[in-house]
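In what follows, a single structure is set out as structure tokens and then discussed.
The values are calculated or read from the model by the stated rules, or taken from the named source; none is laboratory data. Remember, predicted model here, so these are calculated numbers, not experimental data. Neighbour counts are summed over all protein chains in view; Cβ atoms, including those assigned to glycine, are modelled from backbone coordinates with ideal geometry.
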């Protein structure tokens, strides 16, 4: 079971899609959101959650003060779970309902409007490096000037090619077999 850890929808229980998803553990989410709050990256943010799975990352941000959340999940069954979870969080915290897009990530990024202030990208571990880089390149023009992008991958994965996407590494942290890379738009 996954739940919202803090904020207006604290304690709301989220469904988790079956096969094909890998929810971020409560321990990693708690540490991640504590750090994001210390960066003042959540309050009033426009959030994008790519490869949403259950939507837990984007919905946690909504519960903690984000003003808008877009959740992108291509799997039909997983997208249905994300929609239910978005409704649960909205009702639990008297919050706006997050928008759910049933789409593959790359085509979504090519047509999205942005700008986004906080982005979570937690692709399947088997997504190859070239596809990950292509997604980051497509994401870069959608970011606000002070955006934070959090990339979650297996510890054994090669680091994302941030330079190619016009991003700069600001933090890297490993939790068990999960590594989080934090990035921001590169400045000239």
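Side notes on the structure shown:
- Test: residue in the range 140-147 that is surrounded by 12 or more Cβ atoms within 10 Å (Cβ to Cβ) and at pLDDT below 95: no
- Selection from the range 148-184 of residues that are assigned to a strand (DSSP E or B) and farther than 23 Å from residue 38 by Cβ: 154
- Taking the range 42-53 as the range and being crowded, with 23+ Cβ neighbours inside 10 Å and more than 11 Å from residue 99 (Cα to Cα) as the test, the residues that pass are 45, 50, 51, 52, 53.
- Filter pass, residue 75 being crowded, with 22+ Cβ neighbours inside 10 Å, out of contact with any helix residue (DSSP H, G or I) (no Cβ under 6 Å at 6 or more places or on another chain) and under 29 Å from residue 126 (Cβ atoms): no
- Of the criteria (1) buried (at least 18 other Cβ atoms within 10 Å of the Cβ); (2) out of contact with any helix residue (DSSP H, G or I) (no Cβ under 6 Å at 6 or more places or on another chain), which one residue 135 fails: (2)
- Among residues of the range 150-169 that are at positive phi, those with a beta-carbon under 7 Å from a residue that is in a helix (DSSP H, G or I) and modelled with pLDDT of 95 or more at least six positions away or on a different chain give the pairs 166/140.
- Qualifying residues in the range 5-38 (those that are assigned to a loop (DSSP other than H, G, I, E, B) and surrounded by fewer than 13 Cβ atoms within 10 Å (Cβ to Cβ)) - the one modelled with the lowest pLDDT: 20
- Among the residues making up the range 103-130, those that are in a helix (DSSP H, G or I) and modelled with pLDDT under 95 are 129, 130.
- Annotation: of all residues in the range 56-81 being without any contact (Cβ under 8 Å) to a residue 40 or more places away in the chain and in a helix (DSSP H, G or I), the one that is farthest from residue 137 (Cα to Cα) is 80.
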